[in-house]
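Inspection log for the structure reproduced underneath, given as C-alpha cells.
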Amino acid sequence: MTVANDISLPDRVQSANKTSTFPAKSVLLGFLTSAIVVFCVFPFLLVLAISFGRKVDGAAWVWDFTLENYQRFFVGVLWPQEVTFLYLQQLYYSFYFAVIASLLAVVTALPFTLALTRLSRRAQAIWLVFILSSLSLSEVFIVMGWDILLSNNSGLPKLFKETGLTAWLKEVGWFQTLRDWGLANPRNVKFKTSDFATILTMSYLVWPYAVILLYPALSRLDPSLGEAARTMGASRWTVTRTVTLPSIRLPLMGTTLLLFVFLLGTYVSITVFAAPNKHTTAVAIYANIRGANLNAPFGATQAIILLISASVCLYLGHLLNRRAEGR
Amino acid sequence: MRTFGTIYMGLASLVLAMPIVVVCGAALNSGRSMFFPPVDPTFVRFGEFFVSEPVWTAALWNSVIVAVGASILAVAMAWPIAYLLWSTGTKLSKTLAGLGSLPFAVPPIVFGVGLGFFWAFTGGLGEIWAGVISHAILLMALPLVTISIGLQSIDRAHLDAAATMGATEQVAFRTVVLPQTIPYTISGLFFVLVLSFNEFIVIFFVSASSYATVTLQIFNSLRNGYTPTMAVAAITFLTVSVLVFSAVARWGDLPRLMGADQSRK
C-alpha cells in the first residue's frame with residue numbers, strides 16, 4: 001500500500017460520516033450492537049445467573065443467590081458429613097476423552113495436511129470439498145456409521161469372526177489381552193461400549209477440522225528451508241524434527257486446543273459409545289436441563305464450569321503462544 | 001516422501017470414508033433393519049424419506065426452513081459488521097465481530113443451554129423462528145470470516161480511482177465493493193446452510209421437542225434401532241454438502257477461503 005492510499009483513507013471515512021447517510025448508519029450500528037448483546041452475550045449471562053438459582057422440590061426452580069450448586073459440584077450435597085466427587089469425575093472424563101481424541105486427530109491429520117499442501121491447486125480444491133463434506137456431516141450420522149461398523153451383530157466383530165481373525169487371536173493368546181482391555185467378551189471381540197470406540201468416534205468427528213485448521217499454516221511453509229537442510233546432509237527425520245515441526249509448533253498447539261474445547265461438549269458419541277460410569281459433564285447437563293433430573297440450576301452450574309474450563313484452556317494456549325513468540 | 005504422502009492420504013481417506021460408505025450402503029436394504037452389505041437392494045427407502053413417511057418429510061421441511069432462514073439471516077447480520085470492520089476498523093466494530101464469533105468458539109452445548117433459557121423467557125422455546133435465529137447467531141462467525149477475506153482482497157487503489165472519478169461512497173460500494181465480494185458472501189451463506197442443516201446440539205435445546213429437524217429425528221430414533229430410511233437421510237445430507245462445497249470450489253476460490261498461501265499455485 002502506498003503513502004497516498006494511507007492518507008486518502010481517513011478522508012474517505014470522514015466524508016462518509018458527513019453525508020446524509022449518517023443517521024441511517026448509526027441506527028444500523030445501534031441495532032447491530034443491541035442484537036449482538038441480546039443474542040450473543042445475554043444467553044451466557046442467563047446461564048450464569050440461573051446457576052445460582054435454587055431447585056424447588058416438586059416444582060421447577062426459583063431465582064436465588066446460593067452457592068449450593070457449586071458446592072454440590074465439587075464436594076456433593078451432604079458436605080461436610082459426606083463427600084462425593086461424582087461430578088468432578090464426570091468433568092475428568094470430559095477432559096480425558098477430549099484430550100486424547102484431539103491429540104490423536106492432530107497427530108494423524110498433520111502428515112495428511114502436509115501431503116495435501118504439496119498437491120496442485122486444483123487437486124487441493126477437490127480434496128477440500130471431500131474434507132469439508134465430511135466435516136459438515138452431522139454428529140448423529142457419524143455416530144450411526146461407527147455404530148453399525150462396531151456393533152456386535154454386524155460390522156467389524158462379525159468380520160473378525162468370519163475371517164477367522166478371532167480364532168487366530170485366541171490361538172496366539174492376544175485375545176486375553178483384549179479382554180483385559182475390555183475389548184472382548186468370552187466369544188468374540190466387542191467394541192461397544194468402550195473407551196476405544198468413544199475416542200475413535202470423537203477423533204473422527206474433529207479430524208476434518210484438524211486438517212482445515214492446519215491447512216493455512218502448512219500451506220505457508222517454505223519448502224526451500226527443508227530442501228536446504230537436506231542438501232546440507234540432514235536426514236529426512238532430522239529435517240522434520242528440526243525444521244518443519246518447530247516452525248509449525250504454534251498452529252499445532254492452537255489447533256489441538258480448539259479441537260479440545262470443541263470436544264469438551266460432545267454429547268451423542270458419549271451417550272452411544274462410552275460406558276455409563278464414564279459419562280461426561282455434557283451428558284449430565286442434558287440430564288439436568290432436558291432429561292430425567294429436571295434440575296435446571298444445577299445443569300446451568302455444570303455448563304458454567306465447563307465454560308470456565310474451556311476458557312482457561314484457551315487462555316493458557318494464548319499465553320503459551322505469546323511466550324513462544326516472545327522468545 | 002511423495003509416495004509416503006500419497007499412501008498416507010489414501011489410507012486416511014479410506015478411514016474417513018468407511019462409516020459414510022457403510023451408512024450409504026445400508027440405505028439400500030429392503031427390510032426394516034440395517035445390514036451391510038445390503039440385503040435385497042432397493043430404492044424404496046428414498047421414496048419413504050422424501051414422499052410417503054410424514055415423520056421424515058416434516059423433519060426434512062423443518063431442516064430446510066431452519067437452514068435457509070438461518071443462512072440468510074446470518075449473512076444479513078455479518079455483512080454490516082464485516083464492512084464496518086474493514087472500512088473503519090473502530091474498536092466498536094472489532095468488539096462486535098469478536099462477540100459475534102463468541103457462540104461459535106465455546107462448546108456448543110453451553111450456548112445451547114443458554115439459548116434454551118433465553119427462549120423460555122422470551123416465549124420462543126419450541127418455535128421454529130427461534131430455531132432460525134439461534135442457528136443464525138451460532139454460525140454468524142462463518143460469513144463474518146469469508147466476507148472479511150473477500151473485503152481484504154479488494155485493492156484499495158480501485159476505491160481511490162472510483163473516488164477520484166467522482167463516485168460517492170454508495171456508488172463505489174455498488175460498483176466496486178459489492179461485485180468483488182459476492183463470491184465470498186455466497187460461500188459464507190453456503191457454509192451456514194450446510195452446517196445448520198447438520199447441527200444437532202443447539203437445535204436440540206431450543207426445539208424443546210415440539211418440532212424435529214432431520215438430525216433431531218435421527219437422534220430420537222437412535223434408541224429404537226436404525227432403519228434404512230435414516231441412512232437415506234444421511235445420503236441426502238452428504239449429497240447436499242458435496243454439491244454445495246463443489247459449487248464454492250467451482251465459482252469461488254476454496255483454497256484461498258481456507259487460508260492457503262496466495263503466492264504459490
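The values are calculated or read from the model by the stated rules, or taken from the named source; none is laboratory data. What you see is a predicted model, and the numbers here were worked out from it, not measured in a lab. Cβ coordinates were reconstructed from backbone atoms using ideal geometry, including for glycine residues, and neighbour counts include every protein chain displayed.
Pull up the stretch B:206-231, narrow it to residues that are under 18 Å from B:Phe50 (Cβ atoms) and of a type in the set (Val, Ile, Thr), then point me to the one that is modelled with the lowest pLDDT.
By that ranking, first place goes to B:Thr227.
Please determine whether any residue of the stretch A:138-155 is under 30 Å from A:Val261 (Cβ atoms), of a type in the set (Ser, Thr, Tyr) and surrounded by 20 or more Cβ atoms within 10 Å (Cβ to Cβ).
For the stretch A:138-155, residues under 30 Å from A:Val261 (Cβ atoms), of a type in the set (Ser, Thr, Tyr) and surrounded by 20 or more Cβ atoms within 10 Å (Cβ to Cβ): present.
So is A:Leu264 closer than 30 Å to A:Leu67 by Cα, within 14 Å of chain B (Cβ to nearest Cβ) and surrounded by 13 or more Cβ atoms within 10 Å (Cβ to Cβ) or not?
In short, yes.
Given (1) within 14 Å of another protein chain (Cβ to nearest Cβ); (2) buried (at least 19 other Cβ atoms within 10 Å of the Cβ), identify the lone condition not met by A:Ala274.
If we test A:Ala274 against (1) within 14 Å of another protein chain (Cβ to nearest Cβ); (2) buried (at least 19 other Cβ atoms within 10 Å of the Cβ), just (1) comes out false.
From the list A:Ile308, A:Ile304, exactly one residue is of a type in the set (A, V, I, L, M), at the interface with another protein chain (Cβ under 9 Å from one of its Cβ atoms) and either touching a Leu at 6+ places or on another chain (Cβ under 9 Å) or part of a helix (DSSP H, G or I) (or both). Which is it?
A:Ile304
Name every residue in the stretch A:36-75 that is among the aliphatic types (A, V, I, L, M), exposed (fewer than 14 other Cβ atoms within 10 Å of the Cβ) and touching a strand residue (DSSP E or B) at 6+ places or on another chain (Cβ under 9 Å), in order of residue number.
A:Val56, A:Val62
What number of residues in the stretch B:75-94 are without any contact (Cβ under 8 Å) to a residue 24 or more places away in the chain, within 12 Å of B:Leu151 (Cα to Cα) and more than 9 Å from chain A (Cβ to nearest Cβ)?
The qualifying residues number 0.
Taking B:Ser101 and the conditions (1) modelled with pLDDT of 90 or more; (2) crowded, with 16+ Cβ neighbours inside 10 Å; (3) within 11 Å of chain A (Cβ to nearest Cβ), which numbered condition does it fall short on, given that it satisfies the others?
(1)
Every residue, every condition in (1) part of a loop (DSSP other than H, G, I, E, B); (2) farther than 30 Å from A:Ala284 by Cβ; (3) assigned by TED's automatic domain parsing to the domain that holds A:Thr117, yes or no:
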| residue | (1), (2), (3) |
| --- | --- |
| A:Ser224 | no, yes, yes |
| A:Ala229 | no, yes, yes |
| A:Thr238 | no, yes, yes |
| A:Thr242 | no, yes, yes |
| A:Pro251 | no, yes, yes |
| A:Leu258 | no, no, yes |
| A:Phe262 | no, no, yes |
| A:Thr266 | yes, no, yes |
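Does A:Thr201 meet the test of being crowded, with 18+ Cβ neighbours inside 10 Å and closer than 28 Å to A:Val106 by Cβ?
For A:Thr201, the condition - crowded, with 18+ Cβ neighbours inside 10 Å and closer than 28 Å to A:Val106 by Cβ - is met.
What helices (runs of 4 or more DSSP H) lie completely within the stretch B:125-188 and have 1 or more residues being within 25 Å of the chain's Cα centre (by Cα), modelled with pLDDT of 85 or more and over 20 Å from B:Ile65 (Cα atoms)?
Result: B:141-152.
When you scan the stretch B:248-260, do you find a residue that is outside any helix (DSSP H, G or I) and more than 8 Å from chain A (Cβ to nearest Cβ), even just one?
yes
What helices (runs of 4 or more DSSP H), lying completely within the stretch A:90-194, carry at least 2 residues that are more than 10 Å from chain B (Cβ to nearest Cβ)?
Qualifying helices (runs of 4 or more DSSP H): A:155-162, A:165-172, A:174-180.
Identify all residues within the stretch B:234-247 that are touching a residue at least 40 places away in the same chain (Cβ under 8 Å) and more than 8 Å from chain A (Cβ to nearest Cβ); write none if there are none.
B:Ile235, B:Thr236, B:Val240, B:Val244, B:Ala247
When only residues in the stretch A:268-313 that are of a type in the set (Ser, Thr, Tyr) and in contact (Cβ under 8 Å) with a residue 40 or more places away in the chain count, which is farthest from B:Leu216 (Cα to Cα)?
Going through the qualifying residues, I end up with A:Ser309.
Going through A:Asn288, A:Asn295 one at a time, which residue ends up being farther than 28 Å from A:Trp146 by Cβ and touching a Phe, Trp or Tyr at 6+ places or on another chain (Cβ under 8 Å)?
Criteria check complete, one pass: A:Asn295.
Residues being farther than 25 Å from A:Ser311 by Cβ and assigned to a loop (DSSP other than H, G, I, E, B): count how many of those fall in the stretch A:268-277.
Here the count works out to 1.
Kindly indicate whether any position in the stretch B:206-227 is in contact with a Lys or Arg (Cβ under 9 Å, 6 or more places away or on another chain), within 9 Å of another protein chain (Cβ to nearest Cβ) and either closer than 30 Å to A:Leu294 by Cβ or surrounded by fewer than 20 Cβ atoms within 10 Å (Cβ to Cβ) (or both).
yes
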